[in-house]
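Before any comments, here is the structure.
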Amino acid sequence: MERLVSVDVCSGAGGLALGLERAGFDPVLLLDHKRQACETLRWNRPPWNVLEMDLLDFDPVEHQESYDVDLLSAGLPRVQSSATKRRPDSGLELGLLKATVYLMHAMQPRALLIENVPGLVDDPAFEEVRAFIRNELAHLHYGLHWFVVNAADFGVPQDRKQGVLVALKEPFARNFCIPAPTVSQHVTVGEALRPSMSARGWIGAEAWAAQADQLAPTLVGGSERRGGADLGLSGTKRAWARMGINGGALSNEVPGRDGVQESDTSGSPLKKITVDQAAALQSFPTDWIITGRKTVRYRQIAHASPPPVGEALGKAIAEALRT
């Protein structure tokens, strides 16, 4: 079957692009303003055309390969509702969303995919944002589909709800169907991490995995202006603790035979996960290398869209375009 072509903006560690690649899309251009994210993309896919640039500075006229593509995809930073608009940087995320929509006028791809917060779909606080998108795309003859997916329904061991906008040129829009779950039973943290937790012979790995019989809370990358990586706010850390995980920081290694993690000096009986284990909870394949130091690697992972979600969305879009 002939493969489709795409442009991916705000690509990050490549979770969405990887999923779309599995679904039959080859990117002619990927864009991100962070040097480390671009390094991750180039390390894993040397042939990909990766552009290190702020989306707000991107002009498709200077990058002719971005024209006549099947899909423009964007895993954008999370937009903020009116309740948080007084935050100093609250306009940045909205500016990137608007820039993506404005690109549609110049590029006019056959489809658009935006992944963001669930509230973007139907929360009254985001009605102004939705109205902007509808108004910009209406006269370009795109049909819009708004919906929420949970990554857990696609085999990701994490309770991660994502708001999705798929816009397709008519008549393709009428062919689109929201992807159905691909798993009948959710994968738990214990199931996902048991192999790595026992990799150094920890004799308590099986008992730990049996206790960690739930989905992980949503991984959060946090702000780059904060210190080291952790797994969330206090309530989230309590949820991690119920599964035997210390959410306050990451470890450099999995437990040894006696359960000791040498880099953990906290004295807590809870286990810290590693960056590679965080990648497993985001369903990145083991051969996808996230580059950089520990905190930078973790934030790339936590901010990414899980590849299985991108794959499911990509297959649904591809089917609509080929029907």
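Out of curiosity, is Ala320 farther than 20 Å from Pro157 by Cβ, in contact (Cβ under 8 Å) with a residue 60 or more places away in the chain and not in a loop (DSSP other than H, G, I, E, B)? Write out each step before concluding.
Values: farther than 20 Å from Pro157 by Cβ: yes; in contact (Cβ under 8 Å) with a residue 60 or more places away in the chain: yes; not in a loop (DSSP other than H, G, I, E, B): yes.
It is true that Ala320 is farther than 20 Å from Pro157 by Cβ, in contact (Cβ under 8 Å) with a residue 60 or more places away in the chain and not in a loop (DSSP other than H, G, I, E, B).
Here is a list: Leu103, Leu96, Leu92. Which entry is of a type outside the set (Val, Ile, Thr), assigned to a helix (DSSP H, G or I), out of contact with any Ser or Thr (no Cβ under 9 Å at 6 or more places or on another chain) and buried (at least 19 other Cβ atoms within 10 Å of the Cβ)?
Values: Leu103 fails: out of contact with any Ser or Thr (no Cβ under 9 Å at 6 or more places or on another chain); Leu92 fails: buried (at least 19 other Cβ atoms within 10 Å of the Cβ).
Residue meeting the stated conditions: Leu96.
Can you name the residue in the stretch 288-323 that is under 14 Å from the mean Cα position of the chain (by Cα) and of a type in the set (Gly, Ala, Ser) and, of all such residues, is surrounded by the fewest Cβ atoms within 10 Å (Cβ to Cβ)?
Of everything passing the filter in the stretch 288-323, Ala302 is surrounded by the fewest Cβ atoms within 10 Å (Cβ to Cβ).
Looking only at the stretch 53-64, filter to residues that are in contact with a Leu (Cβ under 8 Å, 6 or more places away or on another chain) and outside any helix (DSSP H, G or I); which one of those is surrounded by the fewest Cβ atoms within 10 Å (Cβ to Cβ)?
Met53
Please verify whether the stretch 122-141 includes one or more residues that are closer than 26 Å to Thr291 by Cβ, surrounded by 20 or more Cβ atoms within 10 Å (Cβ to Cβ) and touching a residue at least 12 places away in the same chain (Cβ under 8 Å). Talk me through it step by step, then tell me what you get.
If we filter the stretch 122-141 for residues that are closer than 26 Å to Thr291 by Cβ, which is where we start, we get none.
Looking through the stretch 122-141, none of the residues is closer than 26 Å to Thr291 by Cβ, surrounded by 20 or more Cβ atoms within 10 Å (Cβ to Cβ) and touching a residue at least 12 places away in the same chain (Cβ under 8 Å).
Tally time: how many residues in the stretch 23-40 are touching a helix residue (DSSP H, G or I) at 6+ places or on another chain (Cβ under 6 Å), within 22 Å of Tyr67 (Cα to Cα) and not in a strand (DSSP E or B)?
Count: 2.
Output the number of residues of the stretch 1-50 satisfying the condition of being closer than 18 Å to Pro77 by Cα, without any contact (Cβ under 8 Å) to a residue 60 or more places away in the chain and surrounded by fewer than 20 Cβ atoms within 10 Å (Cβ to Cβ).
Residues meeting the conditions: 2.
Take Ser11 and decide whether it is part of a loop (DSSP other than H, G, I, E, B) and within 24 Å of Leu321 (Cβ to Cβ).
Details: part of a loop (DSSP other than H, G, I, E, B): yes; within 24 Å of Leu321 (Cβ to Cβ): yes.
So Ser11 passes the test.
Quick check on my filter: what residues within the stretch 65-74 are crowded, with 17+ Cβ neighbours inside 10 Å and either touching a Ser or Thr at 6+ places or on another chain (Cβ under 9 Å) or part of a loop (DSSP other than H, G, I, E, B) (or both)?
Looking only at the stretch 65-74, we keep the residues that are crowded, with 17+ Cβ neighbours inside 10 Å, and these are 66, 69-74.
Listed by number, the residues that qualify are Val69, Asp70, Leu71, Leu72, Ser73, Ala74.
Answer yes or no as to whether Trp43 is outside any helix (DSSP H, G or I), farther than 30 Å from Glu170 by Cβ and either among the aromatic types (Phe, Trp, Tyr) or modelled with pLDDT of 95 or more (or both). Spell out the reasoning first.
On the way: outside any helix (DSSP H, G or I): no; farther than 30 Å from Glu170 by Cβ: yes; either among the aromatic types (Phe, Trp, Tyr) or modelled with pLDDT of 95 or more (or both): yes.
Spelling it out, it is not the case that Trp43 is outside any helix (DSSP H, G or I), farther than 30 Å from Glu170 by Cβ and either among the aromatic types (Phe, Trp, Tyr) or modelled with pLDDT of 95 or more (or both).
Restricting attention to the stretch 255-287, which residues are more than 17 Å from Ala229 (Cβ to Cβ) and in contact with a Pro (Cβ under 8 Å, 6 or more places away or on another chain)?
Ser283, Pro285
Could you check how many residues of the stretch 273-305 are of a type outside the set (Ser, Thr, Tyr) and part of a helix (DSSP H, G or I)?
Initially, the stretch 273-305 is screened for residues of a type outside the set (Ser, Thr, Tyr), giving 273, 275-282, 284-285, 287-290, 292-294, 296-297, 299-304.
Still in the list and also part of a helix (DSSP H, G or I): 275-281, 294, 296-297, 299-303.
Adding up the residues that qualify gives 15.
I'd like to verify a number: residues in the stretch 235-257 that are charged (D, E, K, R) and touching a residue at least 12 places away in the same chain (Cβ under 8 Å), how many?
Filtering the stretch 235-257 down to residues charged (D, E, K, R) leaves 237-238, 242, 253, 257.
Remaining after also requiring touching a residue at least 12 places away in the same chain (Cβ under 8 Å): 242, 253, 257.
The number of residues fulfilling the criteria is 3.
Among the numbered conditions (1) free of Cβ contacts under 8 Å to residues at least 12 places away in the same chain; (2) under 21 Å from Pro157 (Cα atoms); (3) not small (Gly, Ala, Ser), tell me where Val260 comes up short.
Here Val260 clears every test but (2).
Out of all the residues in the stretch 143-173, which are free of Cβ contacts under 8 Å to residues at least 40 places away in the same chain and within 29 Å of Thr188 (Cα to Cα)? Explain how you work it out, then say what you get.
Within the stretch 143-173, the first condition is being free of Cβ contacts under 8 Å to residues at least 40 places away in the same chain, and the residues that meet it are 143-148, 150, 153, 170-171.
Scanning the stretch 143-173 gives Trp146, Phe147, Val148, Asn150, Asp153.
Just to be sure, is Val164 at pLDDT 95 or above, closer than 22 Å to Cys10 by Cα and in a helix (DSSP H, G or I)?
Numbers: at pLDDT 95 or above: yes; closer than 22 Å to Cys10 by Cα: yes; in a helix (DSSP H, G or I): no.
It is false that Val164 is at pLDDT 95 or above, closer than 22 Å to Cys10 by Cα and in a helix (DSSP H, G or I).
The values are calculated or read from the model by the stated rules, or taken from the named source; none is laboratory data. As the structure is a prediction and not an experimental result, all values here were calculated from the model. Neighbour counts are summed over all protein chains in view; Cβ atoms, including those assigned to glycine, are modelled from backbone coordinates with ideal geometry.
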